[in-house]
Structures are given as structure tokens and as C-alpha cells.
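The values are calculated or read from the model by the stated rules, or taken from the named source; none is laboratory data. What you see is a predicted model; the values in this text were computed from it and never measured. In this analysis, Cβ positions are derived from the backbone assuming ideal geometry, glycine residues included, and neighbour counts consider all displayed protein chains. Heavy atoms of the whole protein, side chains included, go into the accessibility calculation; ligands, DNA and RNA do not. Shrake-Rupley method; radii C 1.70, N 1.55, O 1.52, S 1.80 Å.
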Amino acid sequence: MSASVQTDWKVIAFRLKGEEYALPVQHVRSIEKMQPITRVPGTARYVKGVINLRGVVTPIIDLRERFGFAPEPYGEQTRMIIVTLGDVEVGLIVDAANDVLDIPASSIEPPPEAIGAVEAAYIYGVAKMERRLLILLDLAKVLDQ
Amino acid sequence: MDMNQYLDIFIDESKEHLQTINERLLELEQTPDDMALVNEIFRSAHTLKGMSATMGFEDLANLTHQLENVLDGIRNRQLIVTPELLDVVFQAVDHLEAMIMSIASGGDGKRDVSETVEQLKRIEQGGMPDKQTAGEKPPLEHAYGEFEYHVLQQAKEQGFSVYEIRIRLREDCLLKAARVYMVFELLSEAGEIVKSTPPSDMLEEEQFGQEFLVTVVSKTPADELRTRLMGISEIDGVEIAAVTVNEPTAKSGEQAASELPASTAFEQAAAAQAEAETVEKQAAKQAGKTIRVNIERLDMLMNLFEELVVDRGRLEQISRDLNHAELTETVERMSRISSDLQTIILNMRMVPVETVFNRFPRMVRQLARELGKKVRLDIIGAETELDRTVIDEIGDPLVHLIRNALDHGIEAPDARAACGKPEEGTVKLRAYHSGNHVFIEIEDDGAGISREKVLQKAIARGIVSPEAAAHLTDQQVYGLIFAPGFSTADHISDISGRGVGLDVVKSTIESLGGAVTVDSQPGKGSLFSIQLPLTLSIISVLLVQIAAETYAIPLSSIMETALVRKEEIFSAHNQPVIDFRGKVVPLVRLKDVFSVPDASDEGDTVAAVIVRKGEKLAALAVDSFIGQQEVVLKSLGNYLSSVFAISGATILGDGRVALIIDCNALVK
């Protein structure tokens, strides 16, 4: 991700615990509605299990729990964002996802010491878009186990 | 032009051509007179040369070019197929293979092949490889085809003399082609040139050393010819020999003799063309009409198809609920079609074991020559099909077992003769289907395995205790050779015993879900038998229920299922155990191992699945059995690379994922 500092970003924006986050669109395969998840025993608490994504068994991570937030029941707006990084394909559970945005590179700033409760370790930077503040996630670190 | 996009095709096709060359060369060794084989080899080599030149792999193109020259010599009956000649040709093919492997792994395909090229050149000029010492001249003799023979005969009848003239150019000759031209010019003035070695087009391209040979019919005396030829500058020497015309090598001379030379030539050309055509047709027939498909695409097709199957299940449910005749009929039709489709998709992944077996004849030939043994390899059932994933893995274990059979199994010819066996040993490589499995067997008629020797070694290496050894059956003793660090060879040879033992063979095969056994009769031979699942992607499982969760247990590790009453569960060292046919077997509660939520305590009876890992057993306690099913094995994805006691997942009829239990992890 660090290579893309100069270029503008096209991102998928999603909501998590009242904040707005973003992931580069090239890592996003699809956005899915919630479906039955099969629990996989002996994995980290934030790994909710696996789903059948059009024939491919895909692991699902609850992003709230990954960031150490309290889990909330899933609702009508809850989505799974299927992301790929190298040969890893994972679904991320988020509160809602509905926006595709262009972020000029110039509006991206390094992460402040603390944004909400998310550790700065998972964050690539923040972008100010008029009145919105987008938190750009570092997917490699989110998926790092 | 960017060649990278063609690289994969180039590599695939090159491998195919090399395979053809290898196979046909082996056949040629058996039937050295079969020119159809030579033609086929020549065509493959020629295509390979063209392709590699286009792709810019110069070394590859050069070596194939040289190989082609030798093949052409054989084709024109200027060279005779001998094991020594084939050794060099095989060596060249080995180099080609190494170059293509280098290209396939991202290298530049460069390799020092000058020695082989030199040897090929020497052969091409009529010399035999290795045997030829410096200064010794190859025999001054042409082999004549039928047509040439008749021309020479007729010439003689008409009072012409037939000469074979060897012309040697000076080492520093600059324009060899020009000198050749002058020689030809002079000779055609004095008579008729019947034949030249190498052929004239190669002479024109300067593809020869310092010497060449021509056959001329002429009325000019030999001495005069010599003087005239020596008159051409840069000619070092001229040898002239009168030719006594012998019967041609092909025996059907008489029948053709009545015909005019011209028509004979015409018919021969036509026959040759027809022959070439039939060979081509045969080759085409053999290959069938195929296309290459990336295995990932097949996986994708399979995944999508499974989705379809899931929807089919839903449709069937709906049509049953609605009870609408037309809908039911349509859904039934769809179900039938889709199950046919499923079979086809699965079959697309099946590859004949031939693709693995076909490298062995070459290997056996070479090994036998290296070891000084006489070995025949019989391949039976090469058309047996196996899943692509299994095929990819099975090659190395087989190489090992075949090497083993040649090195330790088959005895030297004199030792065999002393035992009253034929000097030539036989190794049989056999593949066949049986039930849901494929068996691959390697059988040799060699010395067999010495029970005593195996036991001595095993005891010396601490693999078994002397007390335990006394009670082992023959089978169990032979099985010891698969133990790590075991080798029956008294001294390590170059062929086997390079520190990689049969234990690697065993573990590779077991990792494929297969098994390997060995049987032997001292003095009669040994039989290694490998049992493999037909495919790794489809397995039979028993679906079980634990609270609200469904798990799949592979049938291959299940001994049987049992219902155990609560009072039959005992405790040993805090480990619940059951008595299973007089054996104490630990009871593993899956709901504890997998921390299944909302799991209640079992009732009066426990459903138990008895599983085994080698000799060890365990009883897995579940809530209930759902039933047996064939499922498609899937990985959990790269993110969840290793989960304890879970070997993968599968998608059930309702679209949900069920996890497959790895029994090996649960049996201690």
C-alpha cells in the first residue's frame, strides 16, 4: 500500500461503530449480505468461521472484534466485504457498506496517535473529505495473524 | 514481438515433442529398420528446432539442429542405429529436457552442450561415437537405397565405372561451399553424381567437417579424375575407390528391378509420402482432439457447478412442496442433466497414469546400462485414470521404487544365469482400478528381500527389539524397509540409497490418502503395491451431528460405528475409555475438543465413531449419525492454513459448509 502514496485512491467506504473506514477498491472482490457461517473451532475469537461463497470456502472475520470493540448483533445493514490480498481471500463483517469514493492523495494524512479505539497499527492514514473523515485501513495488518 | 505469452505453450509443446522423441527412440532401438519411427522422431525434432529458434533459445535450436542432422542420416540410410549412437542421441535429448526445464522455471535455457554437439557431428560424418580414435578414418563406404542401387547397376551394365570419392578440404579452407561446388561441377562434367554424404543441401550450407563423400558413375579412369580434382585449390586429399555394387539393404530389389528407374523413383516418392501421411494420421488419432485447460478454470467450473447443485436441491424441495406436475417434471429433468454434467466435470480432471509412466522406459534403459544389467520394463494399464492432483504427486515415489527394483531387486546377468533364470530381468509396472481406488504395482523377478537381512538391519538400527522381531510375520518384516533410515543395500550405490529412503515414499503416498505394501519371495522377486484414492477432491464421509453443528469424518479412517451405553464408559487416568471388542480404546468427546456451544450432556447412550490411525484406535463421541455421503473436499483457504483436527471443508446440499475432521490428529 505504501507505494500508492502519490496516486489518488478509489476506495470502498464502510461504517464500523459509528466511524467511517475505507479500503482500496482493488482489494475488494464483492460485498455480500449476511449468510449462515460455519464456526471453525480452535481459531481466534474474531474469526467467525467460514461461508460458502459461490462454491469457495471463505473465512469470515468480524472487524469489530478484530479491533477489540464489543460485538453487536448483526442487522439488516450488516455486510461482509470480501477482500483479497495476495493469495488470501477473507470476508470482513462491517456494520454497513454503501459508498465508492475517490480520495485525492493530497488529502491523506498519516494516522494520528489514536482514532477512536482502533489501534493506529491497523491504519494507513486518514482522509478529510469535506465534512467526512475516512479512516484508511492497512489491509495487510488487519489480516496479519 | 513479446514472446512471453507463448512461453507456456512453447514449454508444453516442447515437453510433448521430447516425450514423443523419447518413446520413439526406445521403439527404434528395438526395431532399428523402422523408418516410420525415424520420420516421426525427425518431425518432432524439426518442430522443436523451429519453435526454439522462433522463441530465441539459440542453444536449444542448435542442439536440435545437430540432432536433426543425425536423424536425417539415419533416414537416408547413411547411418546405422546402434546402442552407442542412441546413447549419444539420448544424451542430447537429456540436454534438451534440461534446457526446457530451465526455461520452464524461468531460466534462459542456456547450457554447455558442446561435447554432445561434437559427438553428434562425429556420428553425422559417419564415425561411431567414442570408439573413433583420432586419425582413424571411417570406412569409405556408402549404404545405397534401392533406387540408387538400380541406377548403379544400370550404369555398370552400360559400361560406366562407379567410384566412391572421398574429398578432404584443407583445414584453412575459407569457402567450403565454393570448393564443394567446384568439385561437383568437375565431377558432373566427367560423369554423373549419384549420391553424396552429407547430402548436397548440407554441403551447400557448409554443414560438414573437412571431408565429404560422393559416388559418381563415369567413364573417366580413376587416376585422371584424381588429378583433375587435385587441380582445385584448397583440396587436401582425394581418395577414389571403385565400387562393387552389392545387394541393397532392403531386400525387395527384384520386384522393383523390372521397372524403369524414373517410375521407380516416382513411385518411391509417392510411397514415402503416403507413408508419411499414414504416420501423421496415426499420430493424430492417438492424440485425439484435445485442448489445454488451466486446472484453476476447472476448479472454478466445479465451484460454480456445486452452487447449481445446491440450487437444484432447493428447487427439488420447492417442487415437492408445490406438487405441480409440470414443475416436478422439469426439475427432475434438470436434476438428471446436472448429475451427468457433474460426472463430466469430474472426469475432466482425470488424467491417464500414462503421463507419469511414460518417462520410465527411458529411465530403466539408462539405469540398466549403468548397472550392467539386462532389464525389460512391462507397462500394463497405462490408460488407467487418476485425478490430476494425485498424478502430480505420484511420480517421485514411483521413480524411487523402480530404481530400487533395478538396483536391489534384479540381479546381474551372470548371477541370474547361475540361478537358472533368464539373463534379462523383468520389471512390471501395472496400474488398475479396483473399487474406489487405483492400484499401482511394481513387480520384479529379482532376488527378493531377505527376511534375515532386513531383521538384522532393523535390530541393529534399533527399529525393532530382538524380542519383538521374533514374533513378526513376513509381511511385517518386509514392511520394516519403509522405516526411516533403513537401507538393505550393503553399500550405498549411485542409484539408490542416497540418503532418501523408502520412508519418504511411504509418507508421500500416505499424504495422498494412499497406502503402500510390499510382498516378496526370496529368489523369485518382490511386489510393491500402492493403493491410491481415485481423486483427492471427492471423498466418502460420514456426516455426524454435534449439537447444532455438522461435521464430516472420512470413511477411510472409520473402522465402524457403535452405540455405547453410559455404564460401558470407564475411566483410565482421567481419560474416558470404552471396551471395543476386547480392546481398550480412548473415547474422545468431540464437543469438548471443538468446544461446541450449547452442547448438552449425552443421554443414556453415546454415538461413537471408531477411527484408526495405523494400529491405534480412538472412539469419537458425537450426538448422532446423519449418514454417508460423497463430498467434494475443499480447503479452508490460505487465511486459515492450519486448524487443529480439521483437514478441510465441504459444502452440503443446503449450501452450508461442514468441516471435515482430521482423525489422525485425534488419535494419539
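In the range B:636-651, the residue that is surrounded by the most Cβ atoms within 10 Å (Cβ to Cβ) out of those that are more than 7 Å from chain A (Cβ to nearest Cβ) and of a type in the set (S, T, N, Q) is B:T650. Tell me, yes or no, whether the range B:513-529 has at least one residue that is at pLDDT 90 or above and either aliphatic (A, V, I, L, M) or not assigned by TED's automatic domain parsing to the domain that holds B:I449 (or both). Yes, that holds for at least one residue.
Would you mind stating whether B:F212 is modelled with pLDDT of 55 or more and either among the basic types (K, R) or more than 34 Å from the chain's Cα centre (by Cα) (or both)? So B:F212 passes the test.
Across the range A:35-46, the number of residues qualifying as facing another protein chain (nearest Cβ under 7 Å) and among the aliphatic types (A, V, I, L, M) comes to 1. The number of residues in the range B:153-167 being within 14 Å of B:S196 (Cβ to Cβ) and either in a loop (DSSP other than H, G, I, E, B) or not hydrophobic (A, V, I, L, M, F, W, C) (or both) comes to 3.
Every listed requirement among (1) surrounded by fewer than 18 Cβ atoms within 10 Å (Cβ to Cβ); (2) part of a loop (DSSP other than H, G, I, E, B) is met by A:V40 save one, (1). The number of residues in the range B:508-555 being part of a strand (DSSP E or B) and closer than 15 Å to B:D662 by Cβ comes to 8. Please determine, by comparing only the residues of the range B:408-431 that are surrounded by fewer than 20 Cβ atoms within 10 Å (Cβ to Cβ) and in a helix (DSSP H, G or I), which one is farthest from the chain's Cα centre (by Cα). It comes out as B:A418. Taken over the range B:593-624, the criterion of being assigned to a loop (DSSP other than H, G, I, E, B) and surrounded by 17 or more Cβ atoms within 10 Å (Cβ to Cβ) is satisfied by B:F594, B:V596, B:A599, B:D623.
So if I check each of B:S434, B:S450, B:S465, which one is within 21 Å of B:T535 (Cα to Cα), modelled with pLDDT under 85 and not charged (D, E, K, R)? It would help to see each step written out before you state the result.
Details: B:S450 fails: within 21 Å of B:T535 (Cα to Cα); B:S465 fails: within 21 Å of B:T535 (Cα to Cα).
Testing whether each residue is within 21 Å of B:T535 (Cα to Cα), modelled with pLDDT under 85 and not charged (D, E, K, R) leaves just B:S434.
Residue-by-condition table, conditions (1) more than 9 Å from every other protein chain (Cβ to nearest Cβ); (2) under 16 Å from B:E549 (Cβ atoms); (3) in contact with a strand residue (DSSP E or B) (Cβ under 9 Å, 6 or more places away or on another chain):
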{"position": "B:V593", "(1), (2), (3)": "no, yes, yes"}
{"position": "B:D598", "(1), (2), (3)": "yes, yes, no"}
{"position": "B:T605", "(1), (2), (3)": "yes, no, yes"}
{"position": "B:R612", "(1), (2), (3)": "yes, no, yes"}
{"position": "B:S624", "(1), (2), (3)": "yes, yes, yes"}
{"position": "B:Q628", "(1), (2), (3)": "yes, no, yes"}
{"position": "B:I660", "(1), (2), (3)": "yes, yes, yes"}
{"position": "B:V667", "(1), (2), (3)": "yes, no, yes"}
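Of the numbered criteria (1) more than 26 Å from B:S511 (Cβ to Cβ); (2) at pLDDT 90 or above, the one B:V544 fails is (1).
The rows are residues; the columns are (1) on the phi > 0 side of the Ramachandran plot; (2) among the β-branched types (V, I, T); (3) outside any loop (DSSP other than H, G, I, E, B).
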position: B:S571; (1), (2), (3): no, no, yes
position: B:L587; (1), (2), (3): no, no, yes
position: B:I626; (1), (2), (3): no, yes, yes
position: B:N638; (1), (2), (3): no, no, no
position: B:A649; (1), (2), (3): no, no, yes
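The test for being open to solvent by 10 Å² or more (accessible area, probe 1.4 Å) and over 19 Å from the mean Cα position of the chain (by Cα) holds for B:G56.
This table checks each residue for (1) away from every other protein chain (no Cβ under 14 Å); (2) under 14 Å from the mean Cα position of the chain (by Cα).
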residue: A:L16; (1), (2): yes, yes
residue: A:P24; (1), (2): yes, yes
residue: A:V28; (1), (2): yes, yes
residue: A:V50; (1), (2): no, no
residue: A:T58; (1), (2): no, no
residue: A:P73; (1), (2): yes, no
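The one condition from (1) touching a strand residue (DSSP E or B) at 6+ places or on another chain (Cβ under 9 Å); (2) surrounded by 17 or more Cβ atoms within 10 Å (Cβ to Cβ) that B:E383 does not meet is (2). Could you tell me whether the range B:297-314 includes any residue that is open to solvent by less than 70 Å² (accessible area, probe 1.4 Å), away from chain A (no Cβ under 14 Å) and within 25 Å of B:V657 (Cβ to Cβ)? No: the range B:297-314 contains no residue that is open to solvent by less than 70 Å² (accessible area, probe 1.4 Å), away from chain A (no Cβ under 14 Å) and within 25 Å of B:V657 (Cβ to Cβ). Condition (residue is out of contact with any Phe, Trp or Tyr (no Cβ under 8 Å at 6 or more places or on another chain), in contact (Cβ under 8 Å) with a residue 24 or more places away in the chain and within 22 Å of B:L367 (Cβ to Cβ)) applied to the range B:59-66: is it met by at least one residue? Checked the range B:59-66: no residue is out of contact with any Phe, Trp or Tyr (no Cβ under 8 Å at 6 or more places or on another chain), in contact (Cβ under 8 Å) with a residue 24 or more places away in the chain and within 22 Å of B:L367 (Cβ to Cβ).
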